[in-house]
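**Q** Before we start, here is the structure in question, set down as structure tokens.
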Amino acid sequence: MFRQNAYFFALLLSIILIFSSLNFPFLSKVYGQTPGSPISQEQYDKIKNCTTDLSKKPTPVEYLTYFNCGHVSKDESGRTVRQFTLIVEENQKIPVSYEGHILDAWTFNGTIPGPTIRVTEGDLVRIRVINSNDNSNPHSLHTHSIHHAKNDGVSMGGYPGGAISPGRSFTYEFIAQPYGIYPYHCHVDPIADHINRGLYGMMIIDPKEPRPQMTEMAMLLNGYDLDLDLEGPTKIPPAALFQTIEQDDTEGSNMTDGAISNETSTDANMTDGAISNETGTDANMTDGAISNETGTDANMTHVSSDMQDADEEDNGGEDEVEEEDDGGVDRINEIYTVNGKAFDYMMNPIVTQTGKPYRIYVVNMLEFDLVNSFHLHGAMFDYYTAGTDETSDYSTDIVTLSQGDRGIMEFTYAYPGTYMFHAHQTEFTDLGWMGLFDVRGEPVEPPQEDLT
């Protein structure tokens with residue numbers, strides 16, 4: 001009996017020793033870390049390539065790999081606390097092209113975009129925003145992700161952080177959750193101008209377990225409307241502009257397809273939504289043109305103005321500016337970029353190596369255009385929408401992004417050479433949103449899909 005028990009315990013001990021020596025993938029995702037031996041905050045920050053120079057103003061080339069992980073400490077419970085300071089400055093002269101274009105910018109910490117803020121899920125994050133005393137406008141910080149309303153950075157509800165007056169500051173505090181890629185930006189009206197002038201950036205919330213290690217880059221897509229400003233908040237036009245005309249005022253008018261006239265002459269021959277307040281020969285208009293001869297009392301609908309033609313004549317027909325009924329002007333970007341400066345990664349190609357994996361955190365912060373896109377030449381990338389999953393959504397060479405949209409791209413080049421990456425809207429590419437990867441090394445066999 002004793003001998004049988006001895007054999008049993010010996011066998012059990014052998015099984016335990018064998019299992020303890022094995023390295024199971026589900027227990028060790030990357031770097032050999034297991035639930036029993038979690039990676040330290042210091043090790044994780046090193047893997048993230050966190051900068052040690054928190055006051056640096058990176059150039060667009062440096063910005064690719066400039067990750068600001070904040071001033072790190074621990075609270076009473078042992079939780080990691082990350083503290084950041086963002087200083088808002090207006091009237092900053094920022095070069096946005098190689099042709100001498102200078103933007104009268106508003107910046108977080110002196111750059112467009114603002115610093116890439118990087119934290120880990122579960123960290124306590126404190127971001128102090130200082131609105132410089134020399135500024136003329138209130139500002140705020142709105143971060144996408146989960147947090148309390150008082151830290152949302154909007155004025156709705158009367159929260160102090162919704163509009164920080166010049167010379168004042170506010171500290172936004174939240175637990176970083178969930179992991180993913182998030183834009184941050186000023187949320188004071190007119191929001192489009194505050195973003196277009198440069199008050200935006202990227203926040204990366206990393207998962208507690210590190211993603212597979214590879215070279216990482218941050219890319220924010222944007223544009224610049226260099227010559228126009230909004231005159232205060234965007235407003236819904238008065239309802240009176242859209243009220244129908246009394247029947248007795250319209251008898252005898254000859255209108256089709258929704259045209260409106262404030263005269264009764266049959267000479268007002270208009271089609272396709274045209275509007276006229278006169279009866280002369282100039283009242284023959286198509287495609288939504290408007291004659292404003294009778295002043296502001298004219299009953300108008302929301303269609304384009306003949307001021308567009310005048311503007312096109314003044315600009316040689318190059319700029320398509322559309323005058324709106326509420327006195328505003330459609331916004332047009334003259335320059336498009338990735339990380340703030342037109343053609344910067346064409347003038348300074350990004351050096352990569354064949355067979356080496358790369359990860360790009362991409363955020364679209366383009367205003368005044370409905371969509372943007374990212375097209376990679378010569379390779380495919382795995383795309384993780386919003387970065388909130390560890391399994392890619394699909395493999396592609398182009399992704400289309402709405403305003404504020406974001407994700408993670410992971411790719412490897414198989415063959416050396418110079419490859420473009422750019423917006424797949426030709427206009428955006430021609431106006432600055434284009435770069436190059438300088439891929440070096442020996443060719444490698446691209447991974448083959450398992451079709452079994």
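**Q** Taking region 173-189 on its own, how many of its residues are in contact with a Leu (Cβ under 7 Å, 6 or more places away or on another chain) and aliphatic (A, V, I, L, M)?
**A** The number of residues fulfilling the criteria is 1.
Residue by residue, here is whether (1) touching a Ser or Thr at 6+ places or on another chain (Cβ under 7 Å); (2) modelled with pLDDT of 70 or more; (3) hydrophobic (A, V, I, L, M, F, W, C); (4) open to solvent by 70 Å² or more (accessible area, probe 1.4 Å) holds:
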position	(1), (2), (3), (4)
P212	no, yes, no, yes
L221	no, yes, yes, no
I245	no, no, yes, no
D249	no, no, no, yes
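**Q** Just checking, does region 440-448 include any residue being of a type outside the set (G, A, S), closer than 20 Å to L64 by Cα and over 21 Å from the mean Cα position of the chain (by Cα)? Outline the logic, then answer.
**A** Within region 440-448, the first condition is being of a type outside the set (G, A, S), and the residues that meet it are 440, 442-448.
If we keep only those that are closer than 20 Å to L64 by Cα as well, we get 440.
Pick out the ones that are also over 21 Å from the mean Cα position of the chain (by Cα) and you get 440.
Checking region 440-448: at least one residue is of a type outside the set (G, A, S), closer than 20 Å to L64 by Cα and over 21 Å from the mean Cα position of the chain (by Cα).
**Q** Checking the structure you have, find out if any residue of region 365-382 is crowded, with 18+ Cβ neighbours inside 10 Å and among the β-branched types (V, I, T).
**A** No, region 365-382 has no match at all.
So that you can scan it fast, the table gives a plain yes or no per residue for (1) open to solvent by 40 Å² or more (accessible area, probe 1.4 Å); (2) out of contact with any strand residue (DSSP E or B) (no Cβ under 8 Å at 6 or more places or on another chain); (3) under 30 Å from K46 (Cβ atoms); (4) modelled with pLDDT under 95:
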position	(1), (2), (3), (4)
N151	no, no, yes, no
S165	yes, no, no, no
S169	yes, no, no, no
I175	yes, no, yes, no
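**Q** OK, next. List the number of the failed condition for T65; all other conditions in (1) under 26 Å from Y336 (Cβ atoms); (2) surrounded by 19 or more Cβ atoms within 10 Å (Cβ to Cβ) hold.
**A** Status for T65: all satisfied but (2).
**Q** Another question about this same structure. Going residue by residue through region 414-430, is there one that turns out to be open to solvent by 60 Å² or more (accessible area, probe 1.4 Å), of a type in the set (G, A, S) and at pLDDT 95 or above?
**A** no
**Q** Right, next: Would you confirm whether any residue within region 387-407 is of a type in the set (D, E, K, R), outside any loop (DSSP other than H, G, I, E, B), under 24 Å from H144 (Cβ atoms) and over 16 Å from the mean Cα position of the chain (by Cα)?
**A** No - not one qualifying residue is present in region 387-407.
The values are calculated or read from the model by the stated rules, or taken from the named source; none is laboratory data. Computed from a prediction, not measured in an experiment: that's the story for all the values here. All Cβ positions, even for glycine, are placed from backbone atoms using ideal geometry, and neighbour counts span all protein chains on display. Each accessible area value is taken on the protein alone, full model and side chains, heavy atoms only, with ligands, DNA and RNA left out. Shrake-Rupley method; radii C 1.70, N 1.55, O 1.52, S 1.80 Å.
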